[in-house]
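The values are calculated or read from the model by the stated rules, or taken from the named source; none is laboratory data. Predicted model only: the values in this text are computed from it and were never measured. As a convention, Cβ positions derive from the backbone with ideal geometry for all residues, glycine included, and neighbour counts pool all protein chains shown.
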Amino acid sequence: MSPIDFESLLADYPEYAAEWQALQRWFASNWRKQYVELSVLLRALKPADKLKMVLAINAMVESDMLVMSYRIKAGGDLLEGDYDEPDKIPDKLWSRDASHLIPRSEGDLVSGFRWEPADVA
C-alpha cells in the first residue's frame, strides 16, 4: 500500500481541498489506528458536504492509499480481522477478548478502510 500523501491528493484532486485538510488532521490525530469504519470517520469529521467527503475517500482508495475492507461488529465491538470481501468472512469469529467464538450471524457487517499507520504523511 502506498503512503497517504495528501500533497499528491491535493495536486490530483484540488476540488477536495477542504476534505484533504480535514482528513489529514484526522489521520495525524489517529496515526496509531489501522482501520476506521466509514460511519465513524464521517461522524468524526462532520463534513459540510458528505458526498464530497465520500468521493475524496474513494479517490484515496483509487490511489491505493486506503483499502476498503469489511469487519463484523458484535456487542458494540469490532471483532478482529478485516476482509477484502464480505463472503470471505468466516462463519464464526473470536470475541474481542478471545474467550469464545461468535457466529457471524450475531454481528453486523461494517465497511471501512485500512492503511499502514506509519505511512501517513
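Screening Ser95 against (1) polar (S, T, N, Q); (2) over 13 Å from Arg114 (Cα atoms); (3) in contact with a Phe, Trp or Tyr (Cβ under 9 Å, 6 or more places away or on another chain) leaves a single unmet condition, (3). Scanning the range 78-89 for residues that are assigned to a loop (DSSP other than H, G, I, E, B) and of a type in the set (Asp, Glu), we see that the one that is surrounded by the fewest Cβ atoms within 10 Å (Cβ to Cβ) is Glu85. Could you look through the range 36-77, keep only residues that are more than 19 Å from Trp115 (Cβ to Cβ) and small (Gly, Ala, Ser), and pick out the one that is surrounded by the fewest Cβ atoms within 10 Å (Cβ to Cβ)? Applying the filter and picking the extreme gives Gly76. Taking the options Leu41, Leu23, Leu55, name whichever one is out of contact with any strand residue (DSSP E or B) (no Cβ under 7 Å at 6 or more places or on another chain), in contact (Cβ under 8 Å) with a residue 40 or more places away in the chain, part of a helix (DSSP H, G or I) and under 18 Å from Met68 (Cβ atoms). Sole residue among the options that is out of contact with any strand residue (DSSP E or B) (no Cβ under 7 Å at 6 or more places or on another chain), in contact (Cβ under 8 Å) with a residue 40 or more places away in the chain, part of a helix (DSSP H, G or I) and under 18 Å from Met68 (Cβ atoms): Leu41. Taken over the range 58-75, the criterion of being closer than 28 Å to Glu19 by Cα and either without any contact (Cβ under 8 Å) to a residue 60 or more places away in the chain or of a type in the set (Phe, Trp, Tyr) (or both) is satisfied by Asn58, Ala59, Met60, Val61, Glu62, Met68, Ser69, Tyr70, Arg71, Ile72, Lys73. The condition of being out of contact with any helix residue (DSSP H, G or I) (no Cβ under 9 Å at 6 or more places or on another chain) and modelled with pLDDT of 95 or more holds for only one of Ala11, Ala17, that being Ala11. Suppose the filter is touching a Lys or Arg at 6+ places or on another chain (Cβ under 9 Å), more than 26 Å from Gly76 (Cα to Cα) and either surrounded by fewer than 14 Cβ atoms within 10 Å (Cβ to Cβ) or of a type in the set (Ser, Thr, Tyr) (or both); does Glu15 pass it? Taking the combined requirement at face value, the residue satisfies it. Residue count for the range 96-121 satisfying the condition of being more than 19 Å from Gln34 (Cα to Cα), among the small types (Gly, Ala, Ser) and surrounded by 14 or more Cβ atoms within 10 Å (Cβ to Cβ): 1.
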